[in-house]
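Any read-out appearing in this document is the output of simple, stated calculations on the displayed coordinates, not a laboratory observation. Note that this is a predicted model, so its numbers are computed, not measured. A quick note on method: Cβ atoms are made from the backbone with ideal geometry, for glycine too, and the neighbour counts reach across all protein chains shown.
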Amino acid sequence: MKIGLVGKPNVGKSTFFSSATLAKVDIANYPFCTIEPNVGVAFISARLDCPCKELRQRYEADGRLAPISLDDPRKGSICQPRTGDCIGFKRLVPCYLVDVAGLVPGASEGRGRGNAFLADLSNCDALIQVVDAAGTTDIEGNPKAVEQDSIAAAKSVQQEIDFLSKELDNWILGLLKESWARGVRRVQSEGEKGILSFLHEKLTGLGSSIVLVTRGFESFKQQNKDSSPPWDWSSETLGLLATCLRSELFPIHIAANKFDMSPEGVIAKLQANGIIIPCMADMELALMRAASAGIIDYQSGKSTFEILQQDNLNPKQNEALEKMSQKLTSSGSTGVSDIIDKVLFDQLDHIVVYPVQDEGQWTDGDGKVLPDAFVVPVGLAAKELAYMVHSDLGDGFIKGVDGRSRRAVGSDYQLSDGDVLKIHSK
Ligand SMILES: Nc1nc2c(ncn2[C@@H]2O[C@H](COP(=O)(O)OP(=O)(O)O)[C@@H](O)[C@H]2O)c(=O)[nH]1
Ligand SMILES: [Mg+2]
């Protein structure tokens with residue numbers, strides 16, 4: 001699973017990326033500072049409690065474990081994650097983030113690093129556009145004064161949102177135009193089915209599927225007024241088709257960043273075809289750094305934090321933390337992990353499942369408790385999960401066993417959130 005961070009320069013993409021991945025990337029107040037796309041891993045809390053909670057309850061009930069002690073640093077968790085972590089039964093699971101630099105006007109015509117930029121985008125499962133909700137930068141990312149009133153600020157942010165959609169629309173339009181008339185004539189005897197497979201073929205490099213292409217084409221048909229045969233469609237008609245296909249292939253979710261400086265009411269005025277979440281990426285970065293230095297106790301997504309080293313702070317640091325605390329409480333959270341969580345679990349319909357080797361103890365071959373948590377599409381078949389664990393496990397798949405009911409399940413058993421599954425294989 002890969003989520004691309006897109007946006008014009010200086011909106012806070014790299015800050016968002018580092019705060020979510022704690023990787024070291026260049027952060028500077030000038031355009032074009034990120035040249036190569038950065039890939040990093042963000043760890044996000046699974047929605048459901050880690051199954052190690054049930055295991056613990058079982059062990060406590062039969063006297064094999066004492067109740068959770070107050071000073072337990074893991075707050076009760078007893079799993080042994082190979083990657084990520086689990087505290088208080090909140091299991092952290094990985095999600096790849098890509099900091100995709102290069103959105104400049106004309107990217108779709110190859111300006112800047114346009115082509116590389118578009119190729120990077122097409123490798124992502126979803127896009128989050130980071131925008132400057134405070135309006136501190138112009139359309140090319142150069143610093144400018146903060147908009148004071150919400151109407152002007154909203155207008156400038158909406159322009160930013162529309163600008164990315166337009167670039168993507170133009171890119172798809174360019175691909176369609178390349179061989180439209182000839183290609184469509186070739187498939188005319190197959191009618192609409194021919195057009196759909198032609199579109200699918202043309203856009204396959206962008207991660208298109210026939211389902212998405214069909215949905216895009218349906219919405220195009222509802223709006224299309226051009227009654228000429230498809231090979232004679234005007235540029236405007238093809239433009240509408242490109243827009244409809246783009247909305248399906250690349251729904252764009254909005255991280256309305258710099259919310260801390262944004263005039264009140266801006267977010268409510270924005271429109272996008274994905275979700276819109278207010279974010280404060282630089283605050284998230286500051287809090288995560290303070291937390292990793294042991295200065296505060298803070299978990300991403302929370303509305304509060306606790307100061308651990310009050311005596312070692314100077315008045316300036318104290319004041320900064322106090323300010324952040326107020327802003328954080330009034331906003332509910334910094335928004336950074338929220339938007340990744342919502343895109344991953346709500347928009348992309350992913351779930352977390354736990355393959356194990358021992359269906360009773362929920363351990364792997366070495367006795368590690370619930371070592372793996374896989375983020376997979378809802379409804380993934382048991383056999384497909386087997387392949388994700390190891391190709392041998394998939395090739396030799398015999399059956400699965402549900403770790404809770406202990407019932408055997410077949411190769412096409414559809415997984416649901418929080419499943420613990422043992423896989424039997426030859
Ligand atoms: N006020 C405010 N500034 C931010 C926020 N996030 C990032 N910035 C600042 O915006 C500037 C550009 O950030 P950067 O991450 O380099 O932007 P990029 O060009 O989109 O990668 C830096 O000075 C950041 O400190 C935020 O949430 N609020
Ligand atoms: Mg950057």
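Quick notes
- With all pairs of different C-alpha atoms in the average, the Kirkwood value for the hydrodynamic radius of the stretch 350-425 is 11.9 Å.
- Three-way shape label, the stretch 368-409, alpha-carbon gyration tensor, a/c 1.5: rounded
- Size descriptors for the stretch 185-249 (Cα atoms only): Rg and Dmax, in that order, 11.1, 30 Å.
- Bridgeable lysines around LYS177 (alpha carbons under 23 Å apart, same-chain partners fewer than 8 residues away excluded): LYS166, LYS193, LYS202, LYS221, LYS225.
- Computed over the stretch 52-91, Kirkwood Rh from alpha-carbon pairs, angstrom: 10.5
- Each label was represented as a point 7 Å from its Cα along the Cα-to-Cβ direction; for ASP62 and GLU192 these points are 5.9 nm apart.
- Proximal lysines to LYS75, defined as alpha-carbon separation beneath 21 angstrom and excluding residues fewer than eight positions away on the same chain: LYS53, LYS90, LYS302, LYS368
- Extending 7 Å from the Cα toward the beta-carbon at both ALA181 and THR214 defines two label points whose distance is 3.1 nm.
- Euclidean distance of C-alpha centroids, the stretch 284-341 and the stretch 149-190, integer Å: 40
- Rotationally averaged projected area of the chain (alpha carbon convex hull; nm²): 25.0
- Only helical runs count toward this figure. For the chain, summing -39,500 (n - 2.57) over DSSP H runs of n ≥ 4 and dividing by all residues gives -11000 deg cm²/dmol at 222 nm.
- GLU109 paired with LYS399, simple spin-label distance in nm, labels 7 Å along Cα-to-beta-carbon: 6.4
- Relative contact order (percent, whole number), the chain, Cα cutoff 8 Å, 6+ residue spacing: 16
- Rg to Rh quotient for the stretch 140-272, alpha carbon positions, Kirkwood Rh: 1.10
- Taken one residue at a time, the phi angles of the stretch 198-204 give Karplus couplings (6.51, -1.76, 1.60, θ = phi - 60°) of 4, 4, 4, 5, 4, 9, 5 Hz. Gly and Pro are set to x.
- Per the Kirkwood formula applied to alpha carbons, the stretch 301-375 shows a radius of gyration over Rh ratio, Rg over Rh, of 1.23.
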